1. Taking the DSSP beta bridges in the stretch 89-192 as the whole, what percent of them are antiparallel, to the nearest 5?
2. For the stretch 162-226, give the percent of accessible area contributed by carbon and sulfur heavy atoms, probe 1.4 Å, rounded to a whole number.
3. Rolling a 1.4 angstrom probe over the protein chains, ignoring ligands and nucleic acids, what is the accessible area of Lys103 in square angstrom, nearest 10?
4. Can you tell me which of 345-352, 133-140 comes out highest on packing, and rank the rest after it, using the mean Cβ neighbours within 10 Å?
5. If packing is taken as the mean number of other Cβ atoms within 10 Å per residue, what is the order of 120-129, 210-219, highest first?
6. Quick one: accessible surface of Ser172, probe radius 1.4 Å, all protein chains present, in square angstrom to the nearest 10.
7. Per residue, how much accessible area does the stretch 89-192 have with a 1.4 Å probe, in Å²?
8. Send over a whole-number figure in Å² for the accessible area per residue of the stretch 262-360, probe 1.4 Å.
Amino acid sequence: MTKAHGFPNKGLIINRSSDMELIFVDFSKDALIAIHAPQSPSIYAHHIFLVVKSISNREMDTPLLSVLLLFLLVSCSLPSLTLSAYSFRCHASDKRVLWKIKKSLKIPHYFDSWNPSTDCCNWNYVGCDPSDRVTQILFYNIHTPFKIPEAVGDLPFLKTLDFDDIPNFTGSIPYSITKLQNLEILRIWNTSLSGPIPEFLSQLKNLRYLHLGYNQLSGPIPSSLANLNKLQSLDLLSNKFTGTIPDSFGSFKDGEYGVFSLHLSHNQLSGGIPTSINVSSIDLSHNKLSGDASMLLRENGAAEWIYLSHNQLDFDLTKVKFPKNLKVLDLSHNQIHGNIPKQLINKLDLESMDLSYNQLCGKIPFGGNVQKMGAKSFAHNRCLCGPPLPNKCK
């Protein structure tokens, strides 16, 4: 059991009764004083006296001194007592792996806090869980040549692995990453990572967020990513992907893990949109997609945020039934024709809409939030008329 007692502007006492450990964190000095009582043959009560005396010289509150003195009295009945400069939480095997990663990367100053004589749970860019296993590691803003170390696969409790803003990224995603069966978040963002997405990423069965945006990835998007049953967010924007959107992506659904986000914008994807796709947030803008998109505009559909601009979509908007929870709709810069359905005036939750640069005709429905969208949302169509456009209907 762990208990914490705070003292305003002074510090924090943490009592971990499970291992007879008392820790004082001095806020004013960023200091950490840890007193342990492990099984050892000696008693070092005078060390506690020095600690208490040192703290009392800093004019600490009387309750704090009382706690420390109480611990001194209790400790006299313990079989042993030692003093250490730090409370080491980091699991030994995780620490060895992190040290191996540091040695393999050789990045000046980035790992300055990674000192083998300190607790690795306190190292920069590292996070641990309550069981003291490494669960998070971050690499960001690195401008020297960088390659993902194979050793990251040897951190079995890792849940978050993040690479961000690394312009000199070399190599590919190592196969050793498949050993991270607890991994929930894999983020490789704004790097020079190139080549195809490896098929073996589908082996990360607990993955919930796969974000590979702003890279140089190319080739087709693997259909096997649909095998990630716990996935909540797939973000592959701003790469060089070609081919079609896999039909298997129709299996992505909102569920017990929350709403699903599918973001594939700013690529070179072509062909049609799979008819079975039904997710809350979808961004397919700035591609070369063609054909029908009305499957995303059905009344019982899950879509709340739809971004399909800058494609070659061509379908009749007249008979579309907008999703009940629709909040954002961007269909601009396509070849969509027909009339705007009157149902639009009932969409009072609609926050943003853009139908500009299409082939739409007829009178713009009046009412609801429609006119609040402004003239730009309806401009550059074939023959739309009525407010908020300046041209009146004949």
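1. 20 percent
2. Of the solvent-accessible surface of the stretch 162-226, carbon and sulfur hold 49 percent.
3. Near enough 130 Å² of accessible area.
4. 133-140, 345-352
5. 210-219, 120-129
6. Here the accessible area works out near 70 Å².
7. Per residue, the stretch 89-192 has 47 Å² of solvent-accessible surface.
8. Solvent-accessible surface per residue comes out at 40 Å².
The values are calculated or read from the model by the stated rules, or taken from the named source; none is laboratory data. Small disclaimer: the values here were computed from a predicted structure and weren't measured. Cβ coordinates were reconstructed from backbone atoms using ideal geometry, including for glycine residues, and neighbour counts include every protein chain displayed. What goes into the accessible areas is simple: the full protein's heavy atoms, side chains included, and nothing from ligands, DNA or RNA. Shrake-Rupley method; radii C 1.70, N 1.55, O 1.52, S 1.80 Å.
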